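A quick write-up on the structure given underneath.
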Amino acid sequence: MAAAKPKAAYVCAECGVEHAKWQGQCAACGRWDAVREVAIDPARQSGGYAGAAPQVTRLREVEAAAREWLPTGMAELDRVLGGGLAPGAVVLMGGDPGAGKSTLLLQVAAALSGRVTVLYVTGEESLEQIAERARRLQLPLDDLLAAAETRVEAVAALIAEHRPRVVIVDSIQVMQVAASTSAPGSVTQVRESAAALTRIAKQTQTAVVLVGHVTKEGGLAGPKVLEHMIDCFVMLDSPAGTRFRTLRGHKNRFGPVNELGVFAMTEGGIKEVANPSAIFLQRPEEMSPGSVVTVTWEGTRPLLVELQALVDDAQGGYGKRLAVGLDPQRLGMHLAALHRHCGLSLADQDVFANVVGGVRIMETGADMALVAAVLSSFRNRPLPRDLVCFGEIGLTGEVRPVPNGQERLREAQKHGFTLAIAPRANLPRRPIGGIEAHGVTTLSQTLEALSGLG
Ligand code: TYD
Ligand code: MG
């Protein structure tokens, strides 16, 4: 005999996890007083898999859907998406309010609407606001379909009627499924809306882009629970105080992750930055101590960025450590390695490090530049303006090679750098004209090479 089906579920409003019974604290996310009783619609309980006959297929017989990628026309976006929008793909675009998600996607929607049918669903702004913005940006609007909707069922009906190739949903936070019993805006609603839209995307082979707002805590409101359903997750970051925007892929079922796209927010909308190295390198003629340039590798291309460090006497007790745009844990590791392997203690110093321009470096190639910037500030001696450093530093004081060493050196040379300190194994067999590269294998060799310069 089948077990009696429950009439209620207990769902955490914070993380969306279901529990067998009510509890004061969610066992999954630890939040108190967040578990809510949700009545389960009997119709939904008996539906689902019960009626449909199960089927198996030999995978060999499944036709690979000819993935007709649809380039968005914005190379920086296509780079992060892995070539464009695939049919049936669900892309989640996260970012702070004001980052430019709506602007970017409206521009993309308008540009695509000349080639394919595009539906822009706005749940936050009115159609008048969207149209006003589009006109101000002089976007082509003749063929762009738009709807002010928050009901997922209504969006499904619009998709069935107009058969768009691309649907933008701005934003997933305001969407709701009528059949759901949970409150609009709750994590459960967000999850159910995304699940329903994902199903529609797969069934109709429509590419769906969901906009998601980031919460103050840094997590996307709900999207931790969405990440497993969607195909791609990209984040539009807006570093404080700059007009630059970086778009980074965090998950991509169709292509590489960690690609970086760079944009600038301008009066005339969001613009692509074709040569990002150049914008992050606007430095004064006179170099100050604590500044050095590194070549990071972002996805499939090198990027030159300036690192800065400030080392200063700590006011009593142990020195503070702070890193912005870099992993603070790695900063701590490098300081420990400097002490243990080079006898240099910064225990009584505050050490601050920052990546200029608000870029976040996600790889270890910046280790050596971080150490160089820290030393330069500590000794109060500037490093040469035309120097770049890259390489990974290990806990045993060794300098390890990083991927694409030669391409990094070439990029530096292309931008006028004439000196490099890099892992020995990364140096090309034949020197690259115009740039003199010192190869090092240990942290102490790095220090020697640096003191010969600054
Ligand atoms: P928006 O796309 O509404 O951000 P999001 O959807 O991520 O919340 O962008 C809003 C910000 O962008 C706002 O601060 C104004 C600015 N902006 C420009 O600088 N130029 C423009 O052409 C537009 C449309 C907006
Ligand atoms: Mg918006």
- Would you mind stating whether Val305 is open to solvent by less than 10 Å² (accessible area, probe 1.4 Å), in a strand (DSSP E or B) and of a type in the set (Val, Ile, Thr)? yes
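When you check Gly114 against the structure, is it away from ligand 2 (no atom under 12 Å from the Cβ), modelled with pLDDT under 95 and out of contact with any His (no Cβ under 6 Å at 6 or more places or on another chain), yes or no?
Working: away from ligand 2 (no atom under 12 Å from the Cβ): yes; modelled with pLDDT under 95: yes; out of contact with any His (no Cβ under 6 Å at 6 or more places or on another chain): yes.
Against the criterion (away from ligand 2 (no atom under 12 Å from the Cβ), modelled with pLDDT under 95 and out of contact with any His (no Cβ under 6 Å at 6 or more places or on another chain)), Gly114 qualifies.
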- Query: Checking Glu161 against (1) in contact (Cβ under 8 Å) with a residue 40 or more places away in the chain; (2) more than 19 Å from Leu104 (Cβ to Cβ); (3) open to solvent by 50 Å² or more (accessible area, probe 1.4 Å), which single condition isn't satisfied?
  - Reply: (1)
- Query: So Gln315 fits all but one of (1) surrounded by fewer than 14 Cβ atoms within 10 Å (Cβ to Cβ); (2) assigned by TED's automatic domain parsing to the domain that holds Thr206; (3) more than 16 Å from ligand 1 (Cβ to nearest atom); (4) not basic (Lys, Arg); what number is the exception?
  - Reply: (2)
- Task: Could you tell me which of the residues Thr198, Thr181, Thr266, Thr188 is β-branched (Val, Ile, Thr) and more than 30 Å from Glu37 (Cβ to Cβ)?
- Result: Thr266
- From (1) surrounded by 13 or more Cβ atoms within 10 Å (Cβ to Cβ); (2) within 16 Å of ligand 2 (Cβ to nearest atom), pick out the condition that doesn't hold for Gly98. (1)
- Message: Out of everything in the stretch 376-409 that is without any contact (Cβ under 8 Å) to a residue 60 or more places away in the chain and either assigned to a helix (DSSP H, G or I) or of a type in the set (Lys, Arg) (or both), what residue ends up being surrounded by the fewest Cβ atoms within 10 Å (Cβ to Cβ)?
- Response: Gln406
- Task: Mind telling me which of the residues Ile168, Ile130 ends up being crowded, with 18+ Cβ neighbours inside 10 Å, in a helix (DSSP H, G or I), of a type outside the set (S, T, N, Q) and modelled with pLDDT of 95 or more?
- Result: Ile130
- Query: Can you tell me which residue in the stretch 95-125 is farthest from ligand 1 (Cβ to nearest atom), limited to those that are among the hydroxyl-bearing types (Ser, Thr, Tyr) and touching a helix residue (DSSP H, G or I) at 6+ places or on another chain (Cβ under 9 Å)?
  - Reply: Thr117
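The values are calculated or read from the model by the stated rules, or taken from the named source; none is laboratory data. Note that this is a predicted model, so its numbers are computed, not measured. Methodologically, a virtual Cβ is constructed for each residue, glycine included, from the backbone with ideal geometry; neighbour enumeration extends over all protein chains shown. All accessible areas refer to the heavy atoms of the entire protein, side chains included, with ligands and DNA or RNA removed. Shrake-Rupley method; radii C 1.70, N 1.55, O 1.52, S 1.80 Å.
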